[in-house]
Amino acid sequence: MSDKKAIIVGASSGIGLEVAKLLMADGWQLGVAARREGPLQELKAKGEDRVEIMTIDVTKAEAGEKLLALVDRLGGMDLYFHASGIGKQNRTLEEDIELITTETNAVGFTRMIGTAYRYFAQQGRGHIAAITSIAGTKGLGPAPAYSATKALQATYLQALEQQAHQRGLDIRFTDIRPGFVDTALLSGTFKYPMLMKPEAVARDIVSSIYGKRHVRVIDARYRVLTFFWRLIPNWIWRRLKL
């Protein structure tokens, strides 16, 4: 993989960091980005000349331009992996939580995925992989903006995949839908069931990228769970206590 180049946005912690480590071990050249520069510097120290870093906040208007600058610095891009995102429970519908979640997971996601798509369309090939979530399967009352934006992400990737096919573009897509992962994103007093380790999820993600999977729900327990979620009628779903 020494000639392969990947950009990872959201690489400073959690799943993005673990995927970066695995790709680095496989010999990829990496461009890593996040809002916090410190962890990115640590990655560069490990990867030396095979890692380029850039501070990017996906909610900022210049984020797309900074992504392209990072691509230039790396010397190209074969894989774009989007791991940036936020999510909180918001049972009282606090406005600031809903708005920042939407700004990051909807507007920021669209900005970055769109930039990568246009780059690959001009290049003639590429692979876009992104972490969405099983939370996009149904509207979740405890986290309205989070579940809504995750549904948007999954639908957006599906739409772009169809568009790329219709345009004859060699762009592949991998929609990664994890269940609950033991990262800072789920920190707090609430105890989440069936927590997965980010290292195990990252291994599944890399395998799914290599296998050119279209959609991957992680893991088997969550594949069963989301299957049954889809079967629940809305009149029952709205009465469930989550």
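Values as computed for the structure displayed
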item	result
Residue within region 169-188 that is more than 25 Å from Ile100 (Cβ to Cβ) and assigned to a helix (DSSP H, G or I) present	no
Qualifying positions in region 128-163 - in contact with a helix residue (DSSP H, G or I) (Cβ under 7 Å, 6 or more places away or on another chain), of a type in the set (A, V, I, L, M, F, W, C) and within 20 Å of Val19 (Cβ to Cβ)	Ile128, Ala129, Ala130, Ile131, Ile134, Ala135, Ala154
Residue pairs meeting the criteria (Cβ under 6 Å; at least 6 apart or on separate chains; first in contact (Cβ under 8 Å) with a residue 12 or more places away in the chain, in region 61-75; second assigned to a helix (DSSP H, G or I) and surrounded by 15 or more Cβ atoms within 10 Å (Cβ to Cβ))	Ala63/Arg111; Gly64/Arg111; Gly64/Thr115; Leu67/Thr115
Subset of region 96-154 that is part of a strand (DSSP E or B) and under 15 Å from the mean Cα position of the chain (by Cα) - its residue that is nearest to Val217 (Cα to Cα)	Ile131
Residue list for region 196-242, filter: open to solvent by 80 Å² or more (accessible area, probe 1.4 Å), assigned to a loop (DSSP other than H, G, I, E, B) and within 19 Å of Tyr80 (Cα to Cα)	Lys212, Arg213, His214
Number of positions in region 1-17 that are within 20 Å of Gly38 (Cα to Cα) and open to solvent by 30 Å² or more (accessible area, probe 1.4 Å)	2
Qualifying position, being surrounded by fewer than 17 Cβ atoms within 10 Å (Cβ to Cβ) and touching a helix residue (DSSP H, G or I) at 6+ places or on another chain (Cβ under 7 Å), among Leu43, Leu68	Leu68
Residue in region 90-113 that is farther than 21 Å from Ile176 by Cβ, surrounded by 18 or more Cβ atoms within 10 Å (Cβ to Cβ) and of a type in the set (S, T, N, Q) present	yes
Those residues of region 48-60 which are surrounded by fewer than 20 Cβ atoms within 10 Å (Cβ to Cβ) and over 19 Å from the mean Cα position of the chain (by Cα), in sequence order	Glu48, Asp49, Arg50
Of the criteria (1) out of contact with any strand residue (DSSP E or B) (no Cβ under 7 Å at 6 or more places or on another chain); (2) at pLDDT 95 or above, which one Tyr192 fails	(2)
Residues located in region 59-104, provided they are of a type outside the set (Ser, Thr, Tyr) and in contact with a Ser or Thr (Cβ under 6 Å, 6 or more places away or on another chain)	Gly64, Leu67, Ile86, Glu103
Whichever residue in region 22-40 is within 19 Å of Ile56 (Cα to Cα), out of contact with any strand residue (DSSP E or B) (no Cβ under 6 Å at 6 or more places or on another chain) and surrounded by 14 or more Cβ atoms within 10 Å (Cβ to Cβ) and, among such residues, is modelled with the highest pLDDT	Ala34
Residues of region 86-95 satisfying the condition of being modelled with pLDDT of 95 or more and either in a helix (DSSP H, G or I) or among the small types (Gly, Ala, Ser) (or both)	Glu95
Unique residue being modelled with pLDDT under 95 and of a type in the set (Val, Ile, Thr) when the list is Ile236, Ile218	Ile218
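The values are calculated or read from the model by the stated rules, or taken from the named source; none is laboratory data. The structure displayed is predicted, hence computed values, not measured ones. Glycine also receives a Cβ, built like all others from the backbone with ideal geometry; neighbour counts cover every protein chain displayed. Side chains included, ligands, DNA and RNA excluded: accessible areas come from the protein's heavy atoms. Shrake-Rupley method; radii C 1.70, N 1.55, O 1.52, S 1.80 Å.
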